[in-house]
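S.K.: Take a look at this one; I'll ask things after.
The values are calculated or read from the model by the stated rules, or taken from the named source; none is laboratory data. Computed from a predicted structure; not experimentally measured. Here the Cβ positions follow ideal geometry from the backbone for every residue, glycine too, while neighbour counts run over all protein chains shown.
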Amino acid sequence: MARALYIGIVTDTGKFMYDSTDARTHEVAAALVRAGVDIDDVNQRLYESVPIEKLKLLSRALDNVELHCDGQLIVTFIGEDDYREAGAGEEMTEGIIDHLRAVDGIRAAAVVREQINRGPAVRKISLRAGDEHTDVSVIARSFGGGGHVRAAGCSTDLDFQQILERICSALADQPVS
């Protein structure tokens, strides 16, 4: 049980990097380590055991990166061809958003991905705030989704250009500082 709780804390705090991480978070993690959690094993399994297909999908996603909204939005699109060429499944998109969010000077990062065989909402959008002033949950709610200030998501049947226009509009409606 301690291992499962520790994994939840590590992933929910972005490896203890998110601003919601505080002293209490570290105290709970320390108690779990004292209870026997093998930190090296957890980190190896979570972050250092990547199937080649996931790496190929990441490569394709990074090749598709674009800046929009006067450099305020960094976005990538992952389509059916990307999954097929990489030999990857949709579950292998996990973590791609973190590479985009790390880019200096952006207000928001988005990964737009096709959902294979999913009915009318055929694209999923993952959003992350790139600064402390941008609320990506407002953007997600404009598509009928949700989340919180720093991380949010939604699904839509809009095409990529319509998605970009709506995100840029929502960014323009938020104060910069």
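S.K.: With (1) outside the structural domain of Ser155 (by TED's automatic domain parsing); (2) under 19 Å from Gln115 (Cα atoms); (3) of a type in the set (S, T, N, Q) as the list, and Thr76 as the residue in question, which single condition is left unmet?
M.R.: (1)
S.K.: Another question, if that's okay. Quick check on this structure: which one of Arg118, Arg166 is at pLDDT below 95 and not hydrophobic (A, V, I, L, M, F, W, C)? It would help to see each step written out before you state the result.
M.R.: Working: Arg166 fails: at pLDDT below 95.
Of Arg118, Arg166, the one residue that is at pLDDT below 95 and not hydrophobic (A, V, I, L, M, F, W, C) is Arg118.
S.K.: Might you check whether a residue that is modelled with pLDDT of 95 or more, over 24 Å from Lys15 (Cβ atoms) and acidic (Asp, Glu) occurs anywhere in the range 50-63?
M.R.: The answer is yes; a qualifying residue exists.
Yes or no, residue by residue, for (1) of a type outside the set (Asp, Glu); (2) in a helix (DSSP H, G or I); (3) surrounded by 11 or more Cβ atoms within 10 Å (Cβ to Cβ); (4) not assigned by TED's automatic domain parsing to the domain that holds Ile74:
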{"position": "Gly14", "(1), (2), (3), (4)": "yes, no, yes, yes"}
{"position": "Tyr18", "(1), (2), (3), (4)": "yes, no, yes, yes"}
{"position": "Thr21", "(1), (2), (3), (4)": "yes, no, yes, yes"}
{"position": "His26", "(1), (2), (3), (4)": "yes, yes, yes, yes"}
{"position": "Leu32", "(1), (2), (3), (4)": "yes, yes, yes, yes"}
{"position": "Gly36", "(1), (2), (3), (4)": "yes, no, no, yes"}
{"position": "Asp41", "(1), (2), (3), (4)": "no, yes, no, yes"}
{"position": "Leu57", "(1), (2), (3), (4)": "yes, yes, yes, no"}
{"position": "Ala61", "(1), (2), (3), (4)": "yes, yes, yes, no"}
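S.K.: Applying the selection to the range 39-88, what residues are over 27 Å from Asp131 (Cβ atoms) and touching a Lys or Arg at 6+ places or on another chain (Cβ under 8 Å)?
M.R.: Hits for the range 39-88 are Val42, Gly79, Asp82, Glu85, Ala86, Gly87, Ala88.
S.K.: Could you look through the range 39-62, keep only residues that are among the small types (Gly, Ala, Ser) and in contact (Cβ under 8 Å) with a residue 12 or more places away in the chain, and pick out the one that is nearest to Asp173 (Cα to Cα)? If you could, list the steps in order and put the result at the bottom.
M.R.: Start the filter on the range 39-62 by keeping residues that are among the small types (Gly, Ala, Ser), which leaves 49, 59, 61.
Next, only the ones that are in contact (Cβ under 8 Å) with a residue 12 or more places away in the chain stay: 59, 61.
Numbers: Ser59: 33, Ala61: 28 Å.
My answer is Ala61.
S.K.: Kindly evaluate Val111 against the criterion of being of a type outside the set (Gly, Ala, Ser), out of contact with any Asp or Glu (no Cβ under 7 Å at 6 or more places or on another chain) and under 18 Å from Gln162 (Cβ atoms).
M.R.: Working: of a type outside the set (Gly, Ala, Ser): yes; out of contact with any Asp or Glu (no Cβ under 7 Å at 6 or more places or on another chain): yes; under 18 Å from Gln162 (Cβ atoms): yes.
Judged against the criteria, Val111 is a match.
S.K.: Looking only at residues in the range 63-92 that are touching a residue at least 40 places away in the same chain (Cβ under 8 Å) and not β-branched (Val, Ile, Thr), which one is surrounded by the most Cβ atoms within 10 Å (Cβ to Cβ)? Don't jump to the end; show me each part of the working.
M.R.: Quick first cut of the range 63-92, residues touching a residue at least 40 places away in the same chain (Cβ under 8 Å) only: 68-69, 72-75, 77, 92.
Keeping just the survivors that are not β-branched (Val, Ile, Thr) gives 68-69, 72-73, 77, 92.
Working: His68: 17, Cys69: 19, Gln72: 20, Leu73: 24, Phe77: 19, Met92: 21.
Checking each candidate, the answer is Leu73.
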